[in-house]
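Enquirer: Handing you this structure, nothing more for now.
The values are calculated or read from the model by the stated rules, or taken from the named source; none is laboratory data. What you see is a predicted model; the values in this text were computed from it and never measured. Neighbour counts run over all protein chains shown; Cβ positions are idealised from the backbone, glycine included.
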Amino acid sequence: MKLITFVSKNDLNAPKIGAFYKESVIDFSSADLPNNMIDFINLGQQGLDIANDFIYQEKGMCDKNEINLKSPILYPNKILAVGLNYKKHVEEAKELKDHHSNEVQLQDQYPNIFNKQNSSVNDPYSDVHRPNASKWLDYEGEMGFVIGKECRHVPYDSAKECIYGYTVVNDFTIRDWQFRGPPHTMTMGKSWDTHCPFGPCIVTTDEINDPHNLNLKTFVNDEERQNTNTNLMIYDCFTLVEYLSTAFTLMPGDLVPTGTPEGSALSTQNWLKPGDRVKVEIENIGFIENNIIQEPKSTTKY
């Protein structure tokens, strides 16, 4: 199932959940289901069974052109992102150490985990801000997975059962703020408003035969910048669940972006600018695409 959160163009203030079906959207509003994605995920297989029956009857169908997609989960409780999870990305970062903190020791002995604040969440096709405080805006195309059940101390062999589905993420980054330190201030570099677009849907695990064999590409203004396969991740999704759940409880709807490959603007310093368009696509999941704009004055609030 390809699960979505959306709003009708006639009522932009009432998010709904549903699913892609054929060339249309199924609106779950009239089904006996919650109206937000985390509550739906909490239902587990029961929710999916009800949704599948509803879809089979082709109830609640609406035209894709009548809706705007939102991020599949509006406010994940946690966004636990992974840095340096592709070997070639580690190598390119080590080669460029003189561009940031020479004292920082890059390592891949353990997963590099950092938080993105949930206020950074953005919709799959919405504008991304280049902040007024920096011009060092970078892209990072990534596969993300969504936790499906409350879990702790999960062994590797059981981790698959704790993942609900997969999605496309762009882990936008403000590099000069990230490189303040040592140590690197990953959260401050990674958590700016609008800098975690994801979607367009959550593809449930039954539709992804092997999450560790998916092609991933990133384009800037239609120019290919990143091209990899998830089989090149240093730490696969199940290892990440095992590692993260050793320290703390994972909850339904938690989002885990799994890291980006080589090819970001880190190597060229060709930072994104207003007018650029960034697209990330992953085989069997879909794509997200965001236009870069200058941060508007309306973001100031006090």
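Enquirer: List the pairs whose first member sits in the range 121-136 and is under 19 Å from Lys279 (Cα atoms), whose second member is acidic (Asp, Glu) and in a loop (DSSP other than H, G, I, E, B), and whose Cβ atoms are under 9 Å apart, counting only residues at least 6 apart or on separate chains?
Expert: Asn122/Asp193; His129/Asp193; His129/Glu295; Arg130/Asp276; Arg130/Glu295
Enquirer: Run down Glu295, Glu242 and say which single residue is among the charged types (D, E, K, R), in contact with a helix residue (DSSP H, G or I) (Cβ under 8 Å, 6 or more places away or on another chain) and farther than 30 Å from Val25 by Cα.
Expert: Glu242
Enquirer: I've got another one for you. Which condition from (1) surrounded by fewer than 19 Cβ atoms within 10 Å (Cβ to Cβ); (2) in contact with a Phe, Trp or Tyr (Cβ under 7 Å, 6 or more places away or on another chain) is the one that Met186 breaks?
Expert: The number of the failed condition is (1).
Enquirer: Across the range 1-46, which residue is modelled with the highest pLDDT among those that are basic (Lys, Arg) and more than 22 Å from the chain's Cα centre (by Cα)?
Expert: Result: Lys9.
Enquirer: Search the range 264-292 for residues being in contact with a helix residue (DSSP H, G or I) (Cβ under 9 Å, 6 or more places away or on another chain) and closer than 18 Å to Pro131 by Cα, and hand back the single one that is modelled with the lowest pLDDT.
Expert: Leu266
Enquirer: Search the range 32-59 for residues that are farther than 24 Å from Leu255 by Cα and pair each with any residue that is assigned to a helix (DSSP H, G or I) and at pLDDT below 95 when their beta-carbon atoms are under 6 Å apart and the residues are at least 6 apart or on different chains.
Expert: none
Residues checked against (1) among the aromatic types (Phe, Trp, Tyr); (2) modelled with pLDDT of 95 or more; (3) under 14 Å from the mean Cα position of the chain (by Cα):
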| site | (1), (2), (3) |
| --- | --- |
| Pro72 | no, yes, yes |
| Asn77 | no, yes, yes |
| His89 | no, no, no |
| Glu92 | no, no, no |
| Leu96 | no, no, no |
| Asn102 | no, no, no |
| Gln105 | no, no, no |
| Tyr110 | yes, no, no |
| Asn118 | no, yes, yes |
